[in-house]
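These notes are about the structure you will find just below.
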Amino acid sequence: MPEFQSVRGFHDLIGEEAKKFRAVCDLIKRKLALYNFEEIVLPVVEFLEVFQRSIGEATDIVQKEMFAFQDKKGRWLALRPEGTAGAVRAYVQNRLYAIKPYAKLFYEGPMFRHERPQAGRYRQFHQIGAEVFGSIEPVVDAEVIHLVHEILSELNLKAVIEINSIGCKVCRPDYREALKQHLNKVEGQLCEVCLDRKDRNPLRVLDCKVPTCKEAVRDAPKMVDFLCNECREHYSKLKEYLTALSVPFQENPHLVRGLDYYTKTVFEAVSTELGITLIAGGRYDYLVEELGGPPTPAIGFAAGVERLYMLLKEIQPEEPLYMVIPFGDVVDYALLVVKALRSEGKRVELSYKRAGLKKQLELANKLGCRYAVLIGEEEKEGGFYTLKDMETGQQVRVEFTPAL
Ligand code: HAM
């Protein structure tokens, strides 16, 4: 084993994996462009407080999963565990609210969470996230969820989109109380972690995977029954628009998400094949204000790129590969052929191996070339090259005049 290994939870993406990774990113970005999202390139490091204030002190991410460290001046910084907090910080800092009535931004890049690594869960993973700032209208929620649905359909991935409404400042406090009362009654069934969550962050208990906790919350009061008029209307409009758009969805009254900034709509696209969440998001109408901006409603989602490409069966075949093989003192002429083929848009590899024709053709085969372009003294003298189809073995002479 070599002396140095990558750090646990941090991975190299090589060959086919890297291609699938890129195919997923490209497809999502093409879709985002159609919805007129603009890219924002965000730093990987923020002040720790940005995450504490946004994601919430009582969440697993902030309590257990941050890669936090002190800089030379003793200030606490952290590698970003997600993109929304940084996007909101940037929106406020750059006063984007003063420029446009609403902003539609997307970002991509690595995120870092100190979780226990397993299939589909890494310590460095990649998200493409999109955020819409400035509109409270449920039609935005519908557009965002429609976009998630379209991404999954185009990737040919089977997933169920679960939705819920978790209310707002007006209606959630009453629900929290009702839920706490229920949890007090069933506290004997709760796991250690949920006993602790019960008072500080009771909604998270709904999300616990421990079987006794699941059983304990089965008959718990549901947030949807406590929604104020505004939230109820918002949720029902959202469902109406999704139905009009033929976006299939499932209501999950226990869907709460692991980040505290959410209000009203939350959603997750869960893979039917693996049961893991591929894309998730929701509305966060108070966060811009919380980070020092004017009251600005917002909603967004983030796609986990690793989880998506893991499930990807196939990607578009690449352009056929040409390999230019010079044999003899003809490299100058071969370089001109390479240049001309590439300028025609062909994918071309120049053989760097100094060997006879047979060895070089073996190399072309190993590299998966579709065509070999053979160049010897005769070709150079005569102003042509020999094009060999590696599948059929057929050879043809192609006239070649170097561009001046
Ligand atoms: P999240 O649910 O924490 O939401 O993450 C979004 C997606 O990132 C997940 O559905 C999953 O695909 C991927 N993901 C999360 N953790 C890991 C991990 N350890 N390894 C691999 N993939 C992972 C957010 O991050 C919110 N910022 C989404 C959002 C944007 N809400 C509003 N705007």
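The values are calculated or read from the model by the stated rules, or taken from the named source; none is laboratory data. Nothing here was measured: the structure is a model prediction, and the numbers come from that model. Don't worry about glycine lacking a Cβ; one is built from the backbone with ideal geometry, like all the others, and counts go over all protein chains shown. These accessible areas exclude ligands, DNA and RNA; they are computed on the full protein's heavy atoms, side chains included. Shrake-Rupley method; radii C 1.70, N 1.55, O 1.52, S 1.80 Å.
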Only helices counted: for the chain, with every DSSP H run of 4 or more residues adding -39500 (n - 2.57) and the sum spread over all residues, [θ] at 222 nm is -10500 deg cm²/dmol
When the chain is fully extended, how far beyond the present Cα-Cα distance does residue 196 get from residue 209, taking 0.36 nm per residue of separation? 3.1 nm
What ranking, highest mean first, results for peptides 321-332, 153-164 when packing means the other Cβ atoms within 10 Å averaged over each residue? 321-332, 153-164
Long-range amide H contacts for residue 167: which residues qualify at under 5 Å (H placed 1.01 Å from N, peptide plane, sequence gap of 5 or more or a different chain)? 264
List the trypsin sites (Lys or Arg not before Pro) in region 66-120 that DSSP assigns to loop (not H, G, I, E or B) and whose Cβ has at most 12 other Cβ atoms within 10 Å. Which are they? 72, 73, 75, 95
Run the accessible area of region 101-195 with a 1.4 Å probe and give the carbon-and-sulfur part as a rounded percent. 48 percent
Roughly how far apart, in whole Å, are the Cα centres of region 18-77 and region 129-171? 19 Å
Accessible area per residue for region 115-167 in Å², computed with a 1.4 Å probe and the full protein assembly in place, what is it? 36 Å²
Shape box of region 321-399 [Cα atoms, principal axes, largest first, Å]: 28, 28, 22
What do you get for GluC sites (Glu not before Pro) in region 360-392 restricted to DSSP loop and a cutoff of at most 12 other Cβ within 10 Å of the site's Cβ? 391
Result for region 176-307: accessible area per residue, probe 1.4 angstrom, in square angstrom, of 45 Å²
Can you give me the angle between helix 331-343 and the longest principal axis of the chain, using Cα atoms only, in degrees from 0 to 90, rounded to the nearest 10? 40 degrees
Compute the angle between helix 84-93 and the longest alpha-carbon principal axis of the chain, please, reported from 0 to 90 degrees and rounded to the nearest 10. 90 degrees
In percent, how large is the relative contact order of region 321-399, given Cα pairs closer than 8 Å and 6 or more residues apart? 34 percent
With a 1.4 Å probe and all protein chains left in place, how much of the accessible area of region 244-325 comes from carbon and sulfur atoms, in whole percent? 50 percent
Which percent of Cα pairs goes in each bin when the distances of region 235-355 are cut into 5 angstrom slices starting at zero? 2, 8, 12, 12, 10, 8, 7, 5, 6, 7, 8, 7, 5, 3, 1, 0
Fraction of accessible area attributable to carbon and sulfur, region 362-404 (%, probe 1.4 Å): 49 percent
Per-pair calculated FRET efficiency, R0 = 51 Å: residue 377 and residue 75 via Cβ, rounded to 0.05: 0.15
Write down the accessible area per residue of region 321-399 in Å², having rolled a 1.4 Å probe over the full set of protein chains. 60 Å²
Pairwise FRET efficiency - residue 121 versus residue 401, Cβ, R0 = 51 Å, nearest 0.05: 0.35
Please give the Cα centre distance for region 299-365 versus region 267-284, rounded to the nearest Å. 36 Å
Debye calculation, C-alpha points only, no solvent: report log10 I(q)/I(0) for the chain at q = 0.08, 0.09 Å⁻¹, in the same order as the q values. -0.57, -0.67
Evaluate region 287-350: find the radius of gyration of its Cα atoms, find its Kirkwood radius, and give the ratio Rg to Rh. 1.45
Test of understanding: what is the full-extension gain from residue 314 to residue 274, defined as 0.36 nm times their sequence separation minus their Cα-Cα distance? 12.7 nm
